[in-house]
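The values are calculated or read from the model by the stated rules, or taken from the named source; none is laboratory data. Just so we're clear, the structure is a prediction, and the values are computed from it rather than from any experiment. For neighbour counting, all protein chains shown are included, and Cβ atoms are generated from backbone atoms with ideal geometry for every residue, glycine included. The protein model used for the area step is the full one, side chains on, heavy atoms only, and it has no ligands, DNA or RNA in it. Shrake-Rupley method; radii C 1.70, N 1.55, O 1.52, S 1.80 Å.
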Amino acid sequence: MNEIVERQRYDFDAVWSQANLLYCRWAERLGFSYPVLMTLYALEVHGPMTQKGLADRYGFPKQTIHGVVHGLVKDGTVALLPGETDRREKLVTLTGPGRELVRTRLAPLFDAEREALSVIGQERIDRMLDTIGLFNLLMGRNLQEA
């Protein structure tokens with residue numbers, strides 16, 4: 001059993017790392033850093049978010065997200081708007097030029113994801129999401145106890 005678990009750990013690491021590497025390489029191809037790509041990705045997929053929400057979602061340090069957001073504000077890609085419930089809270093949101101940038105530059109990434117997901121099929125994707133979700137839940141518990 002131990003040998004099987006060790007092999008699965010190795011295989012899981014390899015698969016997880018390869019997925020991350022694909023997104024890192026795509027970011028480089030676009031001339032973006034990985035945190036910039038994932039910030040734009042999150043804003044397109046999930047809508048306006050706080051800087052804390054962006055940092056928490058992708059595990060980036062708050063300073064990294066602050067720098068990314070500052071740069072994107074400076075070039076007009078995103079804006080900081082007051083939150084709906086707490087006006088002191090600032091939501092990072094795509095501007096018109098930011099939406100256009102995402103639509104043109106990230107479209108091939110979104111198309112590639114859609115194609116891969118459709119080929120894999122809903123049943124296998126659902127199983128994968130359930131399995132990775134359970135893995136993350138158990139790892140969270142195990143690391144809290146460590």
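For trypsin sites (Lys or Arg not before Pro), the sites in segment 24-127 that DSSP calls loop and that have at most 15 other Cβ atoms within 10 Å are Arg87, Arg88. The charge dipole of the chain, taken about its Cα centre with unit charges on the Cβ atoms of Lys, Arg (+1), Asp and Glu (-1) only, comes to about 520 debye.
Within the accessible area of the chain, what % is carbon and sulfur when the probe is 1.4 Å and the other protein chains stay in place? Here it works out to 56 percent.
The H on the amide N of Glu89, modeled in the peptide plane, is under 5 Å from the matching H of Gly83, each at least 5 residues off or on a different chain.
Hey, got the dipole for segment 59-143? About the Cα centre, +1 on K and R Cβ, -1 on D and E Cβ, debye to the nearest 20? Working shown, then result.
Working: 12 positive and 11 negative charges, 70 e Å.
In total the dipole reaches around 340 debye.
Dividing the summed -39500 (n - 2.57) terms of all DSSP H runs of n ≥ 4 by the residue count of the chain sets its mean residue ellipticity at 222 nm at -24000 deg cm²/dmol.
In this entry, segment 13-61 is assigned a mean projected area of 3.7 nm², taken as a quarter of its C-alpha convex hull surface. Of the residues Trp16, Trp26, the one with the largest accessible area comes first in the ranking Trp16, Trp26, computed with a 1.4 Å probe on protein heavy atoms.
Take every Cα pair under 8 Å whose residues are at least 6 apart in sequence, average their separation, divide by the length of the chain, and the relative contact order is 17 percent. Scanning the chain for GluC sites (Glu not before Pro) lying in DSSP loops with no more than 16 further Cβ atoms inside 10 Å, the longest uninterrupted stretch between such sites is 1-83. The radius of gyration of the Cα set in segment 26-122, together with its Dmax, comes out at 14.0, 44 angstrom.
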